[in-house]
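Note sheet for the following structure.
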Amino acid sequence: MHRSFRLAAMAAAAALSLPAAAQFAKPEDAIKYRKAVFTVMASHFGRVAAMANGRAPFDPKVAAESAEIAQMMSRLPYVAFIDGSDQGQTAAKPEIWKERDKFNAAATKMQEAMAQFATAAKSGNLDTIRPTVGAVGGACKNCHDSYRKE
Ligand code: ASC
């Protein structure tokens, strides 16, 4: 293989495996990590949702930045649902580990909705952003209904 191609391939592989690079010494660390990610995601999504709902003034720059951060966060939590992390300080239901494919599908739907939201948020147009906020909110709720304890 040509050297420069091999280097590029290695760099691409490293970039793709970035979220999976999170390593957890114990289940408690994985729980803390995913809670932190969801907290940041909810904070930045909520900031734009408040604009979309008219509860906060629309600031296009803040909306675009917040949506980008929320979308980035959406990629991170799922590597942290490791074996054994159904026990401890978590609202995650054991069903996650029993229906992994269904859980992953719900996660993917949320991530796709987040990607559309982040794209829409770059438009600077609240009417363009609003429906994508609704789609993300629906995807959050869908997963919580099945996989988060009350
Ligand atoms: C939010 C947030 C969630 C979702 C969910 C939508 O802003 O923090 O978890 O929206 O409430 O139903």
Calculated diffusion of region 32-78, Stokes-Einstein form, Kirkwood radius summed over Cα pairs, 10 °C and 1.306 mPa s, µm²/s: 148
Candidate lysines - alpha carbon under 17 Å from Lys61, same-chain residues fewer than 8 apart omitted: Lys122
Principal semi-axes in Å for region 41-107 [√(5λ), Cα gyration tensor, largest first]: 31, 12, 11
Where only C-alpha atoms are counted, convex hull volume of region 79-150 per residue in Å³: 98
For region 109-150, alpha-carbon Rg and Dmax in angstrom: 11.6, 36
Directionally averaged shadow of the chain, computed from the convex hull of its alpha-carbon atoms, nm²: 11.2
Virtual spin-label span in nm between Arg100 and Ala115, 7 Å along Cα→Cβ: 2.3
Eligible lysines near Lys98 by straight Cα distance, threshold 26 Å, same-chain separation 8 or greater: Lys26, Lys32, Lys35, Lys109, Lys141, Lys149
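A short reminder: the numbers here are calculations on the coordinates, not readings from a lab. Values in this document were obtained by computation on a predicted structure and should not be read as measured data. Every residue, glycine among them, receives a Cβ derived from its backbone with ideal geometry; neighbour counts consider all protein chains shown.
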